[in-house]
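For reference, the structure discussed in these notes is given below.
The values are calculated or read from the model by the stated rules, or taken from the named source; none is laboratory data. As the structure is a computational prediction, the values presented were derived from the model and not from experiment. Glycine gets a Cβ as well: all are built from the backbone with ideal geometry, and neighbour counts include every protein chain shown.
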Ligand code: SAT
Ligand code: MN
């Protein structure tokens, strides 16, 4: 036995003893194993089979009604020194956190199976990929990890060869919100999660590993782990340019990653390729460009709002081999959610007969889990071990007012300032109030595994390494008029904005300079084939009064991060304030 395998086995034995698991199963990721996992869950009613004619191999999981989203207030980064976790994280002393978790895990798997889930984040043969092992008592987690990561024997073989991996221990416990913690120990590359079976709380490869732990590792190793989709834009000449875009959870990353070009664009030959919809690892290449891989192998997307109109690519992949969580079902046992179609569902997400008085039929954070390869716009480049070269980085938020449809940063430093201070209205992806504006730097507020100010410095350092850095932009699809209606049509029409962004990267479009950044000239965004003309003047206007207030708020926000904030960002902010007047 290799020394890695023996230390892995030792750790597994230790956890099995401590949790008193009935048995230990090492997962190989095979179809047969998956089928037996599904059969177990069907028998225990953790899964319900959906209509086999319309949705073969599709299942519904109903989570506990108090376990439906990430729990940011119960998520901790446990560094030795509290200052290293930063004001952006909840912190607990590592010894105290371990003691607390040891108590919770003690005997928690009596009568349960402990699954050993080896996984690889990123293409299995890429030097940019990283490895992990999740120990879990949830077959639902195993089935999801199989779709979301490269899971099983190939990952284990690579772990044996390399010796390094992130250790994750997870138990659904009793799903008691008062006994629920998601703990990260970046210094020992360890994750412990107890008391939730939901999404980012339980699928440890996703936010826990690929963002919180990876962002910490990335700083030490000279790369970036980001909450970004990766999309390829192919023009009629067949040239593909890649864009990485950060948006907070439930702000349309999946839709943007899979967008279908408007009809006139399709006819002209434009195509869009999906490399990733949520997480992106960015590495400086030898040629001075930035290269991106998607560490994930599947999508854990928000179901409500997904329809033939908003995201036909997503809809097309969801009629086979998909796990749905907390959606409603129709009387012929098809999955259903608000925005899908005009049908009335029979049963709501809690399995009750549908009654509109109980609220939406599908939970607002209900999800689908599906392999990336099922997506009609799936890009083969998602398997490229080198990653794809990034031309543009986009930061997006959901804001009814102020920030324009698109704004170009004047240089890398300005782009980092824009990313560091972006704000967005909160969504149902996390528990807590929805629709409240909060600063969400680089859309990483819940996901950065260390002090934000150090993270911004790290972004600046990465910029220094790049001789051909991507251009940085800010977008806002969510501007509303006085009646509260969206001004910009969004969805497929967002390609019109991406077209301008890509043209800027190639020096093929002009821009209008403002104190807060560059915006398209009038006519710079093609809209003449749209049935209804959006009010471009409002969408692209820079309101000095509003920005004066915004810049003050930004100054206050940065001051929360104390003297670790890079001086160059504060200087740039002062200069912008001066020029706005
Ligand atoms: O629950 S997840 O973190 O996996 C999804 C999200 O909030 O983006
Ligand atoms: Mn996300």
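Quickly run through the range 403-423 and pick out the residues that are in a loop (DSSP other than H, G, I, E, B) and either touching a residue at least 60 places away in the same chain (Cβ under 8 Å) or touching a strand residue (DSSP E or B) at 6+ places or on another chain (Cβ under 8 Å) (or both).
First, the residues of the range 403-423 that are in a loop (DSSP other than H, G, I, E, B): 403-405, 409-411, 421-422.
Once the filter is applied, which keeps residues that are in a loop (DSSP other than H, G, I, E, B) and either touching a residue at least 60 places away in the same chain (Cβ under 8 Å) or touching a strand residue (DSSP E or B) at 6+ places or on another chain (Cβ under 8 Å) (or both), the range 403-423 yields 403, 404, 405, 409, 410, 421, 422.
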On the basis of being within 25 Å of residue 270 (Cβ to Cβ) and either outside the structural domain of residue 288 (by TED's automatic domain parsing) or exposed (fewer than 13 other Cβ atoms within 10 Å of the Cβ) (or both), does residue 503 make the cut? no
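In the list 260, 293, which residue meets the criterion of being away from ligand 2 (no atom under 16 Å from the Cβ), within 18 Å of the chain's Cα centre (by Cα) and modelled with pLDDT of 95 or more?
Of the residues listed, the single one that is away from ligand 2 (no atom under 16 Å from the Cβ), within 18 Å of the chain's Cα centre (by Cα) and modelled with pLDDT of 95 or more is 293.
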Which of the residues that make up the range 264-301 are touching a strand residue (DSSP E or B) at 6+ places or on another chain (Cβ under 6 Å) and closer than 24 Å to residue 70 by Cα? 276, 277, 280, 281, 294, 295, 297, 298, 299, 300, 301
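What number of residues within the range 199-228 are touching a residue at least 40 places away in the same chain (Cβ under 8 Å) and more than 11 Å from ligand 1 (Cβ to nearest atom)?
Within the range 199-228, residues that are touching a residue at least 40 places away in the same chain (Cβ under 8 Å) and more than 11 Å from ligand 1 (Cβ to nearest atom) number 14.
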Considering each of 292, 316 in turn, give the residue that is at negative phi and in a strand (DSSP E or B). 292
Taking the condition under 26 Å from residue 249 (Cα atoms), surrounded by fewer than 19 Cβ atoms within 10 Å (Cβ to Cβ) and modelled with pLDDT of 95 or more, does residue 449 pass? no
Among the listed residues 362, 433, 400, 428, which satisfies the condition of being out of contact with any helix residue (DSSP H, G or I) (no Cβ under 7 Å at 6 or more places or on another chain), assigned to a loop (DSSP other than H, G, I, E, B) and buried (at least 22 other Cβ atoms within 10 Å of the Cβ)? 362
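Go through the residues of the range 128-146 one by one and say whether even a single one is surrounded by fewer than 17 Cβ atoms within 10 Å (Cβ to Cβ) and more than 16 Å from ligand 2 (Cβ to nearest atom).
No, because not a single residue in the range 128-146 is surrounded by fewer than 17 Cβ atoms within 10 Å (Cβ to Cβ) and more than 16 Å from ligand 2 (Cβ to nearest atom).
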Take residue 75 and tell me if it is surrounded by 20 or more Cβ atoms within 10 Å (Cβ to Cβ), within 16 Å of ligand 2 (Cβ to nearest atom) and at pLDDT 95 or above. yes
Name, by its number, the condition in (1) surrounded by fewer than 19 Cβ atoms within 10 Å (Cβ to Cβ); (2) without any contact (Cβ under 8 Å) to a residue 40 or more places away in the chain that does not hold for residue 110. (2)
Consider the range 228-254. How many of its residues are within 16 Å of ligand 2 (Cβ to nearest atom), outside any strand (DSSP E or B) and under 17 Å from residue 499 (Cβ atoms)? 0
Go through 173, 168 for me and flag whichever is in contact (Cβ under 8 Å) with a residue 24 or more places away in the chain and on the phi > 0 side of the Ramachandran plot. 173
Kindly indicate whether any position in the range 344-357 is crowded, with 23+ Cβ neighbours inside 10 Å, part of a loop (DSSP other than H, G, I, E, B) and at pLDDT 95 or above. yes
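Can you find, within the range 263-288, the residue that is nearest to ligand 2 (Cβ to nearest atom) among those that are in a loop (DSSP other than H, G, I, E, B) and either in contact (Cβ under 8 Å) with a residue 60 or more places away in the chain or buried (at least 23 other Cβ atoms within 10 Å of the Cβ) (or both)?
278
What number of residues within the range 554-581 satisfy the criterion of being touching a residue at least 24 places away in the same chain (Cβ under 8 Å) and either part of a helix (DSSP H, G or I) or surrounded by 18 or more Cβ atoms within 10 Å (Cβ to Cβ) (or both)? Working first, answer last.
At the first step, the residues of the range 554-581 found to be touching a residue at least 24 places away in the same chain (Cβ under 8 Å) are 554, 557-558, 560-562, 564-566, 568-569, 572-573, 576-577, 579-581.
Now drop any that are not either part of a helix (DSSP H, G or I) or surrounded by 18 or more Cβ atoms within 10 Å (Cβ to Cβ) (or both), which leaves 554, 557-558, 561-562, 564-566, 568-569, 572-573, 576-577, 579-580.
Final tally of qualifying residues: 16.
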Return the only residue of 175, 259 being out of contact with any strand residue (DSSP E or B) (no Cβ under 8 Å at 6 or more places or on another chain), in a loop (DSSP other than H, G, I, E, B) and either closer than 25 Å to residue 437 by Cα or more than 14 Å from ligand 1 (Cβ to nearest atom) (or both). 175
Residue list for the range 213-227, restricted to those being part of a helix (DSSP H, G or I) and touching a strand residue (DSSP E or B) at 6+ places or on another chain (Cβ under 6 Å): 213, 214, 215, 218
Considering every residue within the range 451-470, establish whether at least one is touching a residue at least 60 places away in the same chain (Cβ under 8 Å) and within 16 Å of ligand 2 (Cβ to nearest atom). no
Would it be correct to say that residue 160 is in a helix (DSSP H, G or I) and out of contact with any helix residue (DSSP H, G or I) (no Cβ under 7 Å at 6 or more places or on another chain)? no
Every residue in the range 480-496 that is more than 17 Å from residue 394 (Cα to Cα) and either in a loop (DSSP other than H, G, I, E, B) or outside the structural domain of residue 415 (by TED's automatic domain parsing) (or both), please. 481, 482, 483, 484, 485, 487, 488, 489
Assess whether residue 239 counts as being free of Cβ contacts under 8 Å to residues at least 24 places away in the same chain, farther than 20 Å from residue 121 by Cα and out of contact with any helix residue (DSSP H, G or I) (no Cβ under 9 Å at 6 or more places or on another chain). yes
